[in-house]
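**Student:** This is the structure, below, for whatever I ask next.
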Amino acid sequence: NGTAKVLSQSGQELGWLTTHPLYLPTPLAPLFRALGWRAPEAAYLLAALLTDQKVLLHSEEPHRVHAATSALKSLITPLTYSAVFIPLLPTHLMSLDEAHVLLHDCSTPYLIGVESSLLASLGGALPSAAVVVNLDRGAVRQAPDSGEWFAPKSAPYEGLITELQR
């Protein structure tokens, strides 16, 4: 068939692309679109992952949560994310008490995506120590201790923000 022929003719390019350490099989656009294409927020979220912060993304739209959470995880490529990663926590996978314990009392870093309705079912209380991203509004609530590890005007972050803005 035609597709197989095209793919076989592109074998060398596809092989290079998929083995390149900076190849991202996950599109980044859903995350950046949700953030309003604001580079400082993207840099902050990347820094949050790299400094083992708890990161919670939520939206009314499950597909938006999954796409943005997966995109954020892809940003650290070629590194791998070794903490708890749940791109979309199904609303009915666990009881509300278990979901509360996972989001509020987990002792390890995490990157978790949830539907906003789950947070509403938990009384709207957000985990106090976590970075929380409302993908519907493009709002990023920084972790309480962010000033210790994120200074947007410092050289590494300023350079990253400049590159992301391009």
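The values are calculated or read from the model by the stated rules, or taken from the named source; none is laboratory data. Please read these numbers as outputs of a predicted model, since none were measured by experiment. All Cβ positions, even for glycine, are placed from backbone atoms using ideal geometry, and neighbour counts span all protein chains on display. All accessible areas refer to the heavy atoms of the entire protein, side chains included, with ligands and DNA or RNA removed. Shrake-Rupley method; radii C 1.70, N 1.55, O 1.52, S 1.80 Å.
**Student:** Please report the antiparallel percentage of DSSP beta bridges with both residues in the chain, rounded to the nearest 5. List each step's numbers first, then the result.
**Tutor:** On the way: 3 of 15 bridges.
Bridges in the chain are about 20 percent antiparallel.
**Student:** Students often check this: by mean Cβ neighbours within 10 Å, which of 85-97, 105-117, 46-58 ranks highest, and how do the rest follow? Present the calculation step by step, with values, prior to reporting the outcome.
**Tutor:** Working: 85-97: 13.8, 105-117: 17.0, 46-58: 20.2.
The most tightly packed comes first, giving 46-58, 105-117, 85-97.
**Student:** What 222 nm value per residue comes from the helices of the chain, counting each DSSP H run with n ≥ 4 as -39,500 (n - 2.57) and dividing by all residues, nearest 500 deg cm²/dmol? Write out the running numbers ahead of the final one.
**Tutor:** Numbers: 9 runs with 79 residues, N = 166.
Theoretical 222 nm ellipticity from helices: -13500 deg cm²/dmol.
**Student:** Mind checking which lysines have their C-alpha under 28 Å from K73, skipping anything on the same chain fewer than 8 residues away?
**Tutor:** K54, K153
**Student:** When the Cα centres of the range 63-97 and the range 117-166 are compared, how far apart do they sit, in Å?
**Tutor:** 15 Å
**Student:** Another one. Viscosity 0.890 mPa s, temperature 25 °C: give me the Stokes-Einstein translational D for the chain in µm²/s, with Rh taken as the Kirkwood radius over C-alpha pairs. Please list the in-between numbers first.
**Tutor:** Working: Rh = 17.1 Å.
D, rounded to a whole number, is 143 µm²/s.
**Student:** Follow-up. Ignoring ligands, DNA and RNA, what percent of the accessible area of the chain is carbon or sulfur (1.4 Å)? Can you show the working numbers first?
**Tutor:** Numbers: 5250 of 9190 Å².
The computed percentage sits at 57.
**Student:** If a/c stays under 1.5 just call it rounded; otherwise compare a/b with b/c (prolate if a/b is bigger, oblate if not). Do that for the range 42-112, with a ≥ b ≥ c from the square roots of the Cα gyration tensor eigenvalues. Let's see the in-between values first.
**Tutor:** Numbers: a/c = 2.17, a/b = 1.37, b/c = 1.58.
Judged from the Cα gyration tensor, the range 42-112 comes out oblate (a/c at least 1.5, b/c at or above a/b).
**Student:** Okay, moving on. With every protein chain present, what is the per residue accessible area of the chain (1.4 Å probe, Å²)? Could you put the intermediate results ahead of the total?
**Tutor:** Details: 9190 Å² over 166 residues.
Result: 55 Å² of accessible area for each residue.
**Student:** State, as an integer percentage, the relative contact order of the chain based on alpha-carbon contacts under 8 Å between residues 6 or more apart. Walk me through the numbers before you get to the answer.
**Tutor:** Numbers: 221 pairs, mean separation 47.2, N = 166.
With pairs under 8 Å counted, the relative contact order is 28 percent.
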